[in-house]
Amino acid sequence: MPGIEAMVNSSGMMIVDIAVPTGFTPVATSLDALKDNGTITRYEIAGRKVVLYIDEMKVGEELNFTMQMQALFPVKAAAQGSKAYSYYNPEVSAEVKGVEMNVT
């Protein structure tokens, strides 16, 4: 997520809260793959969000990943925003706005 800057050398534990739109469910195998390849330390599916735990990021480091969600039925939905932040220093954070989607 763009916009994370700080006056420290590393973030410590990073948390990424990803909103799950109404009518969708996260695909656990895509999350397991992120864990297996070391991109994330662990994850939790908590209601309508997925929480990713990342051990550490260096200042200026970017992390790109793909996670899949499956539509449960035809729906027009607006996903809520998502946020990344440092567990030990929550003011080090970034947010992105949600998007609208239409599944027919």
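The values are calculated or read from the model by the stated rules, or taken from the named source; none is laboratory data. Remember, it's a predicted structure, so these values are computed and weren't measured experimentally. Glycine also receives a Cβ, built like all others from the backbone with ideal geometry; neighbour counts cover every protein chain displayed.
Against the conditions (1) part of a loop (DSSP other than H, G, I, E, B); (2) surrounded by 11 or more Cβ atoms within 10 Å (Cβ to Cβ), F73 satisfies every one except (2).
If you go through region 89-98 and keep only what is surrounded by fewer than 12 Cβ atoms within 10 Å (Cβ to Cβ) and not acidic (D, E), you end up with P90, K97.
Restricting R48, R42 to those that are modelled with pLDDT under 95 and basic (K, R) reduces the list to R48. For region 4-24, the set of residues classified as more than 14 Å from the chain's Cα centre (by Cα) and either modelled with pLDDT of 95 or more or under 29 Å from A71 (Cβ atoms) (or both) consists of T22, G23, F24, listed by residue number. Taken residue by residue, region 48-58 has at least one member that is in a loop (DSSP other than H, G, I, E, B), within 16 Å of D17 (Cβ to Cβ) and over 10 Å from the mean Cα position of the chain (by Cα).
For region 66-80, does any single residue satisfy the condition of being among the β-branched types (V, I, T) and either touching a Lys or Arg at 6+ places or on another chain (Cβ under 9 Å) or farther than 23 Å from G12 by Cβ (or both)?
The first filter runs over region 66-80 and keeps only residues among the β-branched types (V, I, T), leaving 66, 75.
Filter once more, keeping what is either touching a Lys or Arg at 6+ places or on another chain (Cβ under 9 Å) or farther than 23 Å from G12 by Cβ (or both): 66, 75.
Yes: region 66-80 contains one or more residues that are among the β-branched types (V, I, T) and either touching a Lys or Arg at 6+ places or on another chain (Cβ under 9 Å) or farther than 23 Å from G12 by Cβ (or both).
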